[in-house]
Each structure stands twice: as structure tokens, then as C-alpha cells.
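Data block below; observations after.
The values are calculated or read from the model by the stated rules, or taken from the named source; none is laboratory data. Bear in mind that the values here come from a model prediction, so they are computed numbers and not experimental data. Here the Cβ positions follow ideal geometry from the backbone for every residue, glycine too, while neighbour counts run over all protein chains shown. Side chains are part of the model used for accessible areas, which takes the heavy atoms of the whole protein and leaves out ligands, DNA and RNA. Shrake-Rupley method; radii C 1.70, N 1.55, O 1.52, S 1.80 Å.
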Amino acid sequence: MTLDAGRINKELKEISKDVASGVEVQLRGSGLNKLVGYVPGPKDTPYEGGRYEVDINLDEQYPFVPPKMRFVTKVWHPNISSANGAICLDVLKDQWSPALTIKTALLSLQALLSSPQPDDPQDAVVAKQYLDDRKLFERTARHWTEAFAIPKNEDEVCMRIMEMGFSKEAAQKALKEANGDENIALEKLLG
Amino acid sequence: MAFSIRICKWHGVAAWTWDAGDDVCGICRSPFDGCPPDGKYPGDDSPVIWGVCEHAFHIQCINKWLASSSEQRCPMCRRAWEYKSGLEGDQPGQDEEDRREGSDAMEEQGEGDQEDEYVTDEEGGDAMDTPVH
């Protein structure tokens, strides 16, 4: 059995056309079996504003077996291992169906971020905290989101300056001198 | 010696399509009128089969799913999968094999007969391809 390239290509095309869902998928390399997905953290949760990278591996039997998914971005959640990103979600296991897709699986991950299932934990420590001290759980989850999942603003500013044709070193140096102010940094570079 | 033929004009006299209520198979995402990934020919070699739940799939696709899953459920609605009777028969795998044997026999029959050339070209043809003598 070989990888069903036709179906995977169709899925990739469909995801790239659909911007509304917010999930993204890209090839990791030249093969169709290693992909990377991005899931936006849902609104009104401690994960809001985060951009979660998900490692996706497709078996040759896909879509007759579920895609293997794992969070690369660190996340504090009862059903996601805080150590290695392993996910406990029924549709990625025994509830998988070949009518589901990579996109629906990523949307399921987003739904999982919105509604943790502490009774079926992947990370017992997180699940215990979720049940015992919800306030502390939310603070910790938010802290992890800010530390690991929210794209760094300074990186974005640096990228914008680099897009104007300056080297990374020059952009970083100018930003440092300008205390992070983009306009002052630009004036220094252009002046 | 090689010939090349240019088709200047053609008249379609019939067309076929699977009336499956959907364009693509929910498993392989290929059109019902096309082939699943391991199918060679569309049409009778890649038939569409219905469950009692009215969901349709390429026969190869649903059979592969049922063989790979411990629970025999429809991929669309998760109802227990049961072939809808009165269409392709209750044992579709068997059915398909019968047909293939039939076409093999036909090929042997047609051997050496110039007029039957188009039948012998079609490896996976079925009863509908039988030439009228």
C-alpha cells in the first residue's frame, strides 16, 4: 500500500483555499507524509492569541488510520502532554473515520483547547490542577501561551525591517539602540 | 509502419454517471465517476455501493475501511454498516471477482478473432462490453 497522494493533495488544496477556518497546513519537506499544521488558540480561553504548531505524520494507510498529531508548541492543557505534546483525543484514536480530514482533525484540536476533558487526561498533573484549582490552572495556561505560543512582537518588527532590505544584525542593533521603537530604529538605519 | 489517426468529428450516443447524491467518494475524495486510488477503470470496475444509511462509497474504499476497522461503521454517520440490498448484492467482493473471471473467459473466446479486438484490449471489461455478433 502506498500513500494516497491524490487525496492528500486534494486536502492540502482545500485547506489553502479556506482561510476562514484559521487552521493552516504546510508540507515539512518534499514528501507528502510529513506535514506541519497551525491551530489558532480559541477566543475566550487562556490560549487566545496563541499560534500552535502541530506535527503531522501520515501513515501509508491514511486515511484508513488517523493522522499522527503532536503539539510542537508547548501547551498547558489536561489532554496534552506538557512534556512532549502528545494528544489524547478520541477522533485521533478509535473514533477516527476516513471521512474525516487533516483539517477536521486540526479543528477538533482547536475544540479540545476550548473544552478540556480532565476525566480522560494525557497529563495527570495538569488535569489535577484543572480540577483542584481552576484559577491557578488558567494563570499557568495563560503564562505558557504568552511564553511559547504568542508570536513575539519584537520578532515581527525585526522581520518588517529586514523586509526593507536590512540585515538581521543591523535590524537587531538598530532596534536595541531605539529601545524597540520601530520608527526610531528605521530613522537610524535610513539616516 | 505506423499510422496516426486524427479524430475530426465524433457523436456521443450515450453517457453514464453514478447517481450517488454526491460528487465525490467520502473516503478517497475522488469523483464517483472516476477511480479510487487503486482502481484502474471507472464505471463498472469502480462501482459505487450504498449502505442502509444511504451513504455511498466506492466499493474498494468502503471494503478497505471495513477490513481495517474493528467496528463496522459508516464513515459518514457512524451507524453500523450494512450493505443496502437489491443493488450490487450482499457480497460485493465476490460479485466483482465473478465479473472479472467472466471477462477473462471472454478474452479467450475472442482470441484470433479480429472483430473482437476492442474487447481483448479491455482487461477489466464486463458483460456490457460483449460484442454483438
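Numbers below:
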| item | result |
| --- | --- |
| Pairs where the first residue, in the stretch A:92-121, is closer than 28 Å to A:R134 by Cα and the second is part of a helix (DSSP H, G or I) and open to solvent by less than 20 Å² (accessible area, probe 1.4 Å), C-beta under 6 Å, 6+ apart | A:P118/A:A127; A:P121/A:A127 |
| Which numbered condition A:T140 fails, given (1) buried (at least 19 other Cβ atoms within 10 Å of the Cβ); (2) at pLDDT 95 or above | (1) |
| Residue satisfying condition, being of a type in the set (F, W, Y) and within 30 Å of A:N183 (Cβ to Cβ), within set A:F137, A:F166 | A:F166 |
| Pick from the stretch B:56-69, criterion under 17 Å from the mean Cα position of the chain (by Cα) and not in a strand (DSSP E or B), ranking: farthest from the other protein chains (Cβ to nearest Cβ) | B:I59 |
| Filter result for A:A127 (surrounded by 17 or more Cβ atoms within 10 Å (Cβ to Cβ), over 25 Å from the mean Cα position of the chain (by Cα) and among the small types (G, A, S)) | no |
| Single condition B:G12 does not satisfy, out of (1) in contact with a helix residue (DSSP H, G or I) (Cβ under 6 Å, 6 or more places away or on another chain); (2) at pLDDT 85 or above | (1) |
| Filter result (open to solvent by 30 Å² or more (accessible area, probe 1.4 Å) and part of a strand (DSSP E or B)) within the stretch A:8-51 | A:E24, A:Q26, A:L27, A:K34, A:Y38, A:P40, A:R51 |
| Test: residue in the stretch A:111-124 that is under 30 Å from B:C28 (Cβ atoms) and either open to solvent by 60 Å² or more (accessible area, probe 1.4 Å) or under 20 Å from the mean Cα position of the chain (by Cα) (or both) | yes |
| Subset of the stretch A:52-64 (residues that are surrounded by 15 or more Cβ atoms within 10 Å (Cβ to Cβ) and either within 14 Å of chain B (Cβ to nearest Cβ) or farther than 27 Å from B:C61 by Cβ (or both)) | A:Y52, A:E53, A:D55, A:L58, A:Y62, A:P63, A:F64 |
| Matching residues, the stretch A:56-96, being within 14 Å of the chain's Cα centre (by Cα) and among the hydrophobic types (A, V, I, L, M, F, W, C) | A:I56, A:M69, A:F71, A:V72, A:V75, A:W76, A:I80, A:A86, A:I87 |
